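Working notes, beginning with the structure itself.
The values are calculated or read from the model by the stated rules, or taken from the named source; none is laboratory data. Model, not experiment: these values are computed from the prediction. Here the Cβ positions follow ideal geometry from the backbone for every residue, glycine too, while neighbour counts run over all protein chains shown. The protein model used for the area step is the full one, side chains on, heavy atoms only, and it has no ligands, DNA or RNA in it. Shrake-Rupley method; radii C 1.70, N 1.55, O 1.52, S 1.80 Å.
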Amino acid sequence: MLLTYGSILVSIVIFVFLHNLNKKKVNFGVRVLISMFMGITMGAIFKNNILIIEPIGKIFVSLIKMVVIPLIVTSLISSITSLESPQQLKKIGLKTLVLLLSTTGIAAAIGILVANVMNLGNGIQFAKDTSFQVKEIPAFSKILIDMIPKNPLASMVEGKIIPVIIFSLFVSVGIIIEDSKKTEAIKPIKDFINSFAQVMFSITKIIINLAPYGVFALMSATAAKNGIATLIPLVKVIVAMYIASVLHMILTYGSLLTFVAKVNPIKFFKKLYPAQVVAFTTQSSYGTLPVTLKTLTNRLMISDKIASFVAPIGTNVGMNGGGGIYPAIVAIFVANVFKIELSFSHYLLLVTTTVIGSIGIAGVPGAATIASTVVLSNLGLPIEGLAMVLGIDVIMDMVRTMINVTGASVAAFLVANSEDEFDRVKFNNDDKENYNLKLA
Ligand code: ASP
C-alpha cells in the first residue's frame, strides 16, 4: 500500500517536472525521451504498484484514437480534391503500394538472415502453453472483399482504415467530377470538409501535447509488467528482432533516403523521432497516425496531400516490422525449435507469403501475431510454436510498431519527393528555429 502511495506521489512530482519543462520550452522530442526513461525507471522500481497510473496512459491512447477516423476522412478528402486529376491519384496509389510491399519483402529477408545467423530457437525445448488458441486464418479473398466498404459508417465505427480510405476516395472522385461541372453547387461541401479537417488538426495538436505524460504512464506500466523473469529464456529472439530492425533502418531506409530521395537519413530520423516514440510506446500505428501525419507535414516538410494519403494506407498494408521482419523471425525460430529443415525455396516462399500476409493487418497492438499465423501455416510450420514468443510480445511489438510507422513515413516521403510535393529547402534548413519546429 505504502509503495502504491509512493508511486502516486512520485508520479505527480514527475508530471509537474514535465509540465515545467514544457513551460521552459524544452523541445518536444527531448521531453518525450525524458518521460520514457523516467517511466522505465519507475516501472522497474515500483513494479506492479505503479500500475495505478496506467489509466493515464490508456486515456492518452484513447484520445489519439478518437481523432483517427474523422482526421483521415476529412484530411484525405480535402487533400485528394486538391489533386489535379484522377490520373495523378492512380500514379500515387501505385507508387505507394509498390514501396510499401517491396520494403516489406526486404524486411522479411533481413529477418531471415539475422534469425539464421543467430541460430534462433536451436536448443530450445517446445513449451506448450495451454492458454494458446490457434486463431482462424482468413482466406486471402476474404481479406480483399473486406477491404470494400459495404457500409461506410460501420467501417468508421469499427475503425477499419482501408474501407474508410476507399470510401473517402470515392467521395473525393465524386467531388472532383461534380466540381468540374457545377463548381458553385459543390463549394459548400468542399468548404465544410476543409473546415472540418482544420478543426481535427487543431484537436490533434492538443492531444499530442499530452504525449510526455501519456508516454510516462505507458512506459512505467510496460516496464512493471514485463519483469526480467519473462525475458531471460527468449532474450536471443528479442535481440534478433531489434538487430534486424536496426539493420533495416540503416540499410533499407538509409539507402532509399540517401540515394533515391537524396537527403541525409540522420536528419530524417531526427525529425521523424516524435512519431517513432509514440509508436514505440503505444504499440499502435493506427493510434500513432495523427502524430505521424503532423510529423510528416510539419517536420519532414512533405505536402498534406501525400501524407494523408500514404501514411494511413501504411498502417494497414506492408507493415515492415509486424508484417515483414517479425513473421520471418518467428518462422525461423519455430522451424528450429521443431527441428524442421528449411531450404532456399522455403525462404523464397517465406518472403512471398510475408508480403501477401502483410496486406490488411490492422495497426493495433499484437496484430503481427495474426500475420505470423498466416505465414507459419502457409509454410506448414506448427502454429503452436508461436505461443512460445507470446510472453515477450509487447517488447517485440514496440520495435515492430516503430518500424511500421517508419516504413510508412519513408514511403510517404519518397512518394512526395517523386511528385515534387516535398519542400527540400525547408527540410534542409538547419537553423534552430526551423529544426526544432514545434510538432504541436
Ligand atoms: N502493433 C503493430 C502496429 O500497430 C502491429 C504489430 O506489429 O503487431 O503497427
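Figures for the structure shown
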| read-out | value |
| --- | --- |
| Vicinal HN-Hα couplings computed from phi for region 390-405 (Karplus, 6.51 cos²θ - 1.76 cosθ + 1.60; Hz; Gly/Pro x) | 5, x, 10, 4, 4, 5, 6, 4, 4, 6, 4, 5, 4, 5, 4, 5 |
| Estimated Rh, the chain: Kirkwood, alpha-carbon pairs, angstrom | 22.5 Å |
| Net charge dipole size for region 264-401 [Lys, Arg +1 and Asp, Glu -1 on Cβ; Debye, nearest 20] | 640 debye |
| Heavy atoms of F170 accessible to a 1.4 Å probe, total area in Å² rounded to 10 | 150 Å² |
| Net charge, G321 excluded, C-beta distance under 9 Å - Lys, Arg +1, Asp, Glu -1 | 0 |
| Estimated dipole of region 171-326 in Debye, rounded to 20 [Cβ of Lys and Arg +1, of Asp and Glu -1, Cα centre] | 340 debye |
| Cα centre as origin, Lys/Arg/Asp/Glu Cβ charges: the chain dipole, Debye | 760 debye |
| q = 0.16 Å⁻¹: log10 I(q)/I(0) that the Debye formula gives for region 290-343, counting C-alpha atoms only | -0.60 |
| As computed over region 205-311, the Cα convex hull volume per residue (Å³) | 114 Å³ |
| Formal net charge of residues neighbouring A217 (Cβ-Cβ distance under 13 Å; K, R +1; D, E -1) | +1 |
| Violating pairs (Cα-Cα greater than 25 angstrom) within the set K47/K160; K25/K225; K95/K305; K24/K294; K225/K339; K90/K150 | K47/K160; K25/K225; K225/K339 |
| Nonlocal amide H pairs with V317, under 5 Å, H built at 1.01 Å | G360 |
| Amide H within-cut-off set for A367, under 5 Å, with H built and near neighbours excluded | none |
| Farthest positive-ward along the chain dipole, Cα basis, beta-carbon charges - from F15, L256, L348 | F15 |
| Backbone N within region 286-303 under 19 Å of label point (7 Å from K58 Cα along the Cβ vector) | 287-288 |
| Karplus (6.51, -1.76, 1.60) ³J(HN,Hα), θ = phi - 60°, over region 161-178, in Hz, Gly and Pro reported as x | 5, 4, x, 5, 5, 4, 4, 4, 5, 4, 4, 4, 4, x, 5, 4, 5, 5 |
| Per-residue HN-Hα couplings for region 406-423 [Karplus 6.51, -1.76, 1.60; θ = phi - 60°; Hz; x = Gly/Pro] | 5, x, 5, 6, 4, 4, 4, 5, 5, 4, 4, 4, 6, 9, 6, 10, 10, 8 |
